[in-house]
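Q: Before we start, here is the structure in question, set down as structure tokens.
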Amino acid sequence: MQTLIFTSDRYLKALKAGCWLYNKYFRPTWDHDTVICGFTPPDFELPDNFRFHSIGDFTHYPFGRWSDAVIKALNEVANDVFLFLLEDYWLTRAVDMPAIRILYDYMIQFEYVAKIDLVGDRLYAHGADLNYGTVGHLDLIKSMPGSPYHLSLMAGLWRKDHLLRHLIPGENPHQVEMVGTQRMSHDRDAIILGTRQWPLRHTLALRSGNPDTEFNIGDLDPGDVEVLRELGYL
């Protein structure tokens with residue numbers, strides 16, 4: 001199993017706290033590959049269980065070519081099924097690891113599943129089928145083609161080939177989500193699922209999208225905030 005964490009040079013500062021929270025709350029009991037996909041390697045040491053993969057020169061991928069960078073990373077390092085995160089998706093509580101494993105195995109078995117949302121994004125999407133089925137202790141829900149942000153970039157398990165079919169060069173993240181949703185909504189060969197249980201919880205540390213703003217720490221455990229401040233990560 002694999003986690004891909006996407007970042008850019010302007011957002012590298014979010015990695016220190018993000019990696020610390022990831023290692024506290026995401027604890028797989030199986031072999032796991034965690035890859036940070038970015039451009040310039042950070043000037044600080046990453047935890048031993050992380051590896052950095054450089055996509056290339058940051059200046060070659062302006063905001064309007066965000067999709068190009070993701071496409072390149074997927075072609076170079078992604079497994080068939082992987083967990084998609086951004087660097088400022090800071091985990092706020094223990095992840096339901098048995099659920100992650102169940103959903104991963106489900107996607108390996110059913111190749112028509114393009115994504116399984118791990119947060120509440122699909123649960124609260126308009127028009128979702130809330131009674132799609134069950135697997136293990138999880139209630140599966142199906143995102144309907146007319147739902148907004150059908151191709152949401154919130155934390156989720158993705159099948160690489162399906163995602164690559166709906167990513168096109170020359171799009172920024174907003175276009176990927178909005179225009180990409182229209183493309184994916186017409187795909188009769190793939191479905192998007194979620195769960196009622198919300199196996200993973202995270203905050204958006206740079207909620208405004210501006211890397212020069214202060215970190216959003218309102219959803220973090222106060223004890224975590226104290227430790228992160230002591231470590232100099234905030």
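Q: Can you classify the range 2-231 as rounded, prolate or oblate using the Cα gyration tensor, where a ≥ b ≥ c are the square roots of its eigenvalues, rounded means a/c under 1.5, and otherwise it's prolate if a/b beats b/c and oblate if not?
A: oblate
Q: When we measure straight from the Cα of Lys72, which lysines land under 17 angstrom away, once same-chain ones fewer than 8 places off are left out?
A: Lys160
Q: Here's a follow-up. For Lys16, list the lysines whose Cα falls under 17 Å from its own Cα; do not include residues on the same chain fewer than 8 positions away.
A: Answer for Lys16, where 17 Å is the Cα cut-off: Lys24, listed by chain and number.
Q: Next question. Taking Lys142 as the anchor, which aspartates and glutamates have their alpha carbon closer than 16 Å to its alpha carbon, excluding any fewer than eight residues away along the same chain?
A: Lys142 reaches Glu111, Asp117, Asp121, Asp129, Asp187, Asp189.
Q: Pull up the DSSP beta bridges for the range 9-162 and report the antiparallel fraction as a percent, rounded to 5.
A: 70
Q: How much net charge surrounds His137 when only other residues with a Cβ under 11 Å from its Cβ are counted (Lys, Arg +1; Asp, Glu -1)?
A: -1
Q: Roughly speaking, what is the stretch gain from Phe44 to Thr213, that is 0.36 nm per residue apart minus the C-alpha to C-alpha distance, in nm to one decimal?
A: My answer for the length gained is 58.8 nm.
Q: To make sure I understand, if each residue's beta carbon is the centre and we count other beta carbons within 10 Å, what order do Thr34, Thr29, Thr40 fall in, fewest to most?
A: Thr29, Thr40, Thr34
Q: Averaging sequence separations of C-alpha pairs under 8 Å and six or more residues apart, then dividing by the length of the chain, give the relative contact order as a whole percent.
A: This gives 24 percent for the chain.
Q: As a test of the formula, what do you get for the chain when each DSSP H run with n ≥ 4 contributes -39,500 (n - 2.57) and the sum is divided by the residue count, at 222 nm and rounded to the nearest 500 deg cm²/dmol?
A: Estimated from H runs of four or more residues: -8500 deg cm²/dmol.
Q: Mean projection of the alpha-carbon convex hull of the range 1-60 over all orientations, in nm²?
A: The number I arrive at for the range 1-60 is 4.2 nm².
Each reported figure results from applying straightforward, stated rules to the coordinates on display, with no laboratory input. Since the structure is predicted, the reported quantities are computational estimates derived from the model, not experimental observations. No Cβ is skipped: glycine too gets one built from the backbone with ideal geometry, and neighbour counts run over all protein chains shown.
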